[in-house]
Every structure is written in C-alpha cells, then in structure tokens.
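Worksheet: one structure, shown below.
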Amino acid sequence: MAKKILIALDQGTTSSRAVAFDTMGHVLASHSVEFPQIFPQPGWVEHDPNAILASQITALQQTVRVGNIDVSDIAAIGITNQRETTLLWERETGKCVYNAIVWQCRRTSHMVDKLIEDGKTELIREKTGLVPDAYFSGTKLAWLLEHLQLHEKAERGELCFGTVDSFLAWHLVQGRPHVTDATNAGRTMLFNLTTQAWDDELLQLLDIPKACLPRVVDSSEIIGMLDPSILGRPIPVAAMAGDQHASLFGQACLTPGMVKNTYGTGCFMLMNTGDKLVRSNHGLLSTMAWRIGGKPTYALEGSVFMGGATIQWLRDEMKLISSAAESEVVATSVPSTGGVYLVPAFTGLGAPWWDMYSRGTLVGLTRGTGRAHVVRAALEAIAYQSADLMEAMARDCGATPGRLQVDGGASANGFLMQFQSDIMKVPVVRPQVMETTALGAALLAGLAVGVYASVEDTARVWQRDLCFEPEMPDDEREQLLKGWHRAVRRSLDWIEK
Ligand code: ADP
C-alpha cells in the first residue's frame, strides 16, 4: 500500500513543531516544544543551536508517538523554518562557532547603515529584491566572520554557513549535506534572484568567502534520507522552504495574482507573481515563492510590524481586554469607532510608508470615546495596514487580486476578517486547515516523492472553510480609508532624529 503520511518540521522563532498530515491535508498529530530566547544585550537576539536541534527532534519523535504513527507509513518529511536566522559551524565537527543570530537581532544595523551610505541600496535591491536591512543573513554572517576572525578558516572551506533549514538538513539527513533551498537563500541578501546563484559582487562587498556557503537546492527535492537513529528508519527529507513561502504554497496560491496574509504577531502578505520578478515601486520586497524543477516562481512580500501584537498590547499594557478573543466581543459592542483611529506605529511603519521615525498615534478622540471604540480601532488598524499592502501590490502588478486567503492566530477574529473584506473590497477566504505553513512543507515534500503528481495536484488539498464577502457601501469605505490615511500622516516623522 502506498505510504500515506507526510510530516512537516516547522522550526519557528519561539518553538519547534512537527505536524503529521494524511495526503488530503488532515492533521493527524502534532507536537510543539518551546526553547529559550537569549538576549545578551538590548537589541540582540540569539538561540542556542543545540536547543533548536534538540527541540526539533523531540517534536518529531513525539508527533510520531502521540499520533501512534507507523514509521513505515511516512512517505516524506519537509522542513519549514524561521527565516534569516544565521548559523555558522565547523565542517569537520558540526559544532557551531557561535549561537544562532536570530532574524530580529539588530547588532549589524551599523553595517547596513554603511552599505546605504556607500550607495549600495539600488545594487542590493536589483540583485536580491531586498531592501538593505539587518534582518537578512548577509551582515549577520559578515559580523560572525569578522568578530571571531574566521575569514581564513572560511576561505579554506572549514566552516559552513546556513540558515535554519540548512542547519537542520546537515544534522538530520544522512551524509550531512550542506544545502539550503532557494527561498531561504533569497533572504540572505547574498543570493541573486535572477541568476539563482550566490552573487560574487555582494559576497565581495561583505567580505564573505564563497567556500562557506551551502549549495542551493529546489524547495521540493529529495535532499537525502533522515538519519535512521531519529525514527528507526531512513525516510526521504524532500522539501525545504522558509515559513512564509511554505504558507503561500499551503494556501494553494499557485498562480500569479493569488495572495495570502498571515495574521500573527506581525502580518505577512505574499503575492505570487509567477515567473516574473516584479520590482516594487512601493517599498515591497521581491522574493522567491519557491523553486521547483529548477524553475523559480517569484512573489512580492510586505509585512505589518504590529498585527496581533496590537491586540497583545491592548491586553497586556492597556488592560482593555483580558484575552485576544475578547477583542471581537468588545469591538462589536459599538457600531463604529466613532471616528477614532489607532495607528500602531510602535516601532515605526513598514511598506508602503517606510518611516522608522513614526510612532503610535490615537486620533479622533471625543468626550464620548470609550474602551470599545479603542479596541475596535485597534482591530481595524490591522485591516487598514493589510489593505495598504494589498493596494501597493495591486499597483506594482497592475491588477487587483480577486480574493485574499488568510491564516494565523488573529484570522480567527470574525469581525476583523469581515472588516478586512469590506475595506479591501475583496472576498476574504479562510481555509479548513489553518496550519498552512506546515501543510505547505508537507505538500512540497509529497510532491518530491510522487505522492502528488504535479504542483496543480497539491491544490486539491486546499479546502475553503469560511468566506467573508465585502458588504460595505463604496462611499463609507472611501470615507474610512481617507480617515485612516489622515491618521497615518499624523503619526509620521514623530521622534526626533
Ligand atoms: P505567531 O505565530 O506570530 O506567534 P499566531 O499565529 O499564533 O502568531 O497568532 C497570535 C497572535 O494573534 C497574537 O498576537 C494574538 O494577539 C492574536 N490573536 C489571537 N487570537 C485573536 C483574536 N481572536 N482576535 C484578535 N487577535 C488574536
């Protein structure tokens, strides 16, 4: 009988998870293990590589155990991961030379400022699709090599750089392959999206020897067999993709123009642009969607820094609600915000505004403004920020998407989803399987081992759960958006430079 189980390893920023699916995408079992965050200095964030690895192995083994899964039924394993987090280890021993430097870590901001001062922004954008930023792996790796004086060792090929996908593949797959997939490579600021290869000019700019870089593989391809010591049998490890890319695939956004938005702590919106590498004029990133059969599919990406985090702020700092779910009840207890807007620019604003100097702003207050108005304004702000991203994508592509596919914790909020649909004037669709990131990795793995005959064949797994249709009259929507944009302008350029 054909093997019928696919397992995704979902290595996130705060926890490592494993999820077992049947071939129709139903979740059979999952297990999650948290691991510590290390903050050595303000603005610095690290992970212990051993904790990443141990938690991921435990999550996999426990998933198999709690799901009572017969290991011989597992067709393939796919890896999806927190992106940009940077590791460096010795080729000989596998030992990391330093903790993992996490994507959030700002320690290399000065290096990025220098690149910008030196006029390298356009070069970097042109080659990598990225806006120069300390998030991306390139300057983190350059910092490690410089700080630990490892250039010569790296030149000699004695060191391996990798993002988390690469690190896991090295440790979990027999024969220790040193590989990364194209979606992860695309977040290093070292990878040329057009040539699909490490870029010599960028490597030179950051003084990074090519000898330490992994081989770039497809997002769906058999990398090797799982080390049998982990589950007692070798199993094909057959996919790797960064979390947002896996979720785009898990949402079956397989054709150009399809868009998904994940409402987590922040929101991540990606639009499939097919084989066209679209350059944004509105501050969005160009990125890989995935690479299959050597063929790149591209995407546009934008993010909202304060998504669900705005709701956490209402709960933890303002004490206006006692749970995230309560926000919906409170918001719907009033018919509108009564003209109140909250711009949650707590850490500045991203695309399409890009103002690091803006700060949170609450406007339109009157003597009658109450808790419910503010809570409602916070939820609406998540939708407005996402609508601005969608508008930017539509302008860059010259076409408005037909619908928005959603997932993530805050997409459970019915009010937010209806308002999102109203304010964007597109249907908002929630799938039955909300584990889209893990599902995407599982589908990519299933595709590589022939469980699915083609990319299109994976799409039958995606099933609609709820659809929110736009209901708001045009004049009301325009009025609200106008108010939002006025409020955003009030928040801009607030802190002194
Ligand atoms: P992450 O993966 O970033 O940790 P999740 O997808 O688990 O995020 O979503 C958690 C976020 O969603 C939190 O910021 C929380 O405030 C928000 N959230 C969860 N449920 C709701 C809800 N019903 N309404 C609004 N926000 C919610």
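Worth a mention:
- Here Gly307 fits the description: within 16 Å of the ligand (Cβ to nearest atom), modelled with pLDDT under 95 and open to solvent by less than 10 Å² (accessible area, probe 1.4 Å).
- For the range 291-327, filtering for residues that are under 20 Å from Leu362 (Cβ atoms) and not hydroxyl-bearing (Ser, Thr, Tyr) leaves 19.
- Here Arg279, Arg291 are screened, and the one residue that is more than 14 Å from the ligand (Cβ to nearest atom), on the phi < 0 side of the Ramachandran plot and at pLDDT 95 or above is Arg291.
- Single residue of Thr361, Thr369 found to be polar (S, T, N, Q), more than 23 Å from Pro427 (Cα to Cα), touching a residue at least 60 places away in the same chain (Cβ under 8 Å) and open to solvent by less than 50 Å² (accessible area, probe 1.4 Å): Thr361
- Selection count where residues are more than 28 Å from Lys260 (Cβ to Cβ) and polar (S, T, N, Q), scope the range 300-339: 3
- Only one of the listed residues (Leu148, Leu205, Leu168) is over 15 Å from Pro296 (Cβ atoms), surrounded by 18 or more Cβ atoms within 10 Å (Cβ to Cβ) and out of contact with any strand residue (DSSP E or B) (no Cβ under 7 Å at 6 or more places or on another chain). That residue is Leu205.
- Applying the criterion of being surrounded by 17 or more Cβ atoms within 10 Å (Cβ to Cβ) and in contact with an Asp or Glu (Cβ under 8 Å, 6 or more places away or on another chain) to the residues of the range 31-58, the residue that is farthest from Arg106 (Cα to Cα) is Ser55.
A quick yes/no check of all residues on (1) more than 19 Å from Leu254 (Cα to Cα); (2) part of a helix (DSSP H, G or I):
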position: Ala438; (1), (2): no, yes
position: Asp457; (1), (2): no, yes
position: Arg460; (1), (2): no, yes
position: Glu471; (1), (2): yes, no
position: Asp475; (1), (2): yes, yes
position: Ala487; (1), (2): yes, yes
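- Test: residue in the range 241-251 that is in a loop (DSSP other than H, G, I, E, B) and either over 29 Å from Ala331 (Cα atoms) or within 16 Å of the ligand (Cβ to nearest atom) (or both): yes
- Elements of the type helices (runs of 4 or more DSSP H) sitting completely within the range 131-240 and holding at least 3 residues that are under 30 Å from Val451 (Cα atoms): these cover 164-172, 182-185, 228-231.
- Long-range neighbours under 7 Å by Cβ, at least six apart or interchain, first residue in contact (Cβ under 8 Å) with a residue 24 or more places away in the chain within the range 434-445, second open to solvent by less than 10 Å² (accessible area, probe 1.4 Å) and among the charged types (D, E, K, R): Met434/Asp407; Thr436/Asp407
- Residue pairs meeting the criteria (Cβ under 6 Å; at least 6 apart or on separate chains; first closer than 12 Å to Ser411 by Cα, in the range 260-279; second of a type in the set (D, E, K, R) and within 12 Å of the ligand (Cβ to nearest atom)): Thr262/Asp407
- Answer from Leu285, Leu349, Leu342 - the residue that is within 16 Å of the ligand (Cβ to nearest atom) and either open to solvent by less than 40 Å² (accessible area, probe 1.4 Å) or in contact with a His (Cβ under 6 Å, 6 or more places away or on another chain) (or both): Leu342
- Glu326 without any contact (Cβ under 8 Å) to a residue 60 or more places away in the chain, within 12 Å of the ligand (Cβ to nearest atom) and surrounded by fewer than 18 Cβ atoms within 10 Å (Cβ to Cβ): yes
- Just one residue in the set Ala20, Ala8 is in contact with a helix residue (DSSP H, G or I) (Cβ under 6 Å, 6 or more places away or on another chain), in a strand (DSSP E or B) and farther than 30 Å from Val97 by Cβ; that residue is Ala20.
- Condition check for Asp355: charged (D, E, K, R) and in contact with a strand residue (DSSP E or B) (Cβ under 7 Å, 6 or more places away or on another chain): yes
- Which numbered condition Gly402 fails, given (1) surrounded by 22 or more Cβ atoms within 10 Å (Cβ to Cβ); (2) in contact (Cβ under 8 Å) with a residue 60 or more places away in the chain; (3) farther than 21 Å from Val131 by Cβ: (1)
- Close contacts from the range 148-163, counting a first residue that is of a type in the set (D, E, K, R) and a second that is part of a strand (DSSP E or B) and open to solvent by less than 10 Å² (accessible area, probe 1.4 Å), with Cβ to Cβ under 6 Å and a gap of 6+ residues or different chains, come to Lys153/Leu159.
- Subset of the range 310-323 [of a type in the set (Ser, Thr, Tyr) and either within 10 Å of the ligand (Cβ to nearest atom) or surrounded by 15 or more Cβ atoms within 10 Å (Cβ to Cβ) (or both)]: Thr310, Ser323
The values are calculated or read from the model by the stated rules, or taken from the named source; none is laboratory data. Source: prediction; values computed, not measured. Here the Cβ is made from the backbone with ideal geometry for all residues, glycine too, and neighbour counts use every protein chain on show. To get the accessible areas, we keep the full protein, side chains included, count just its heavy atoms, and leave off ligands, DNA and RNA. Shrake-Rupley method; radii C 1.70, N 1.55, O 1.52, S 1.80 Å.
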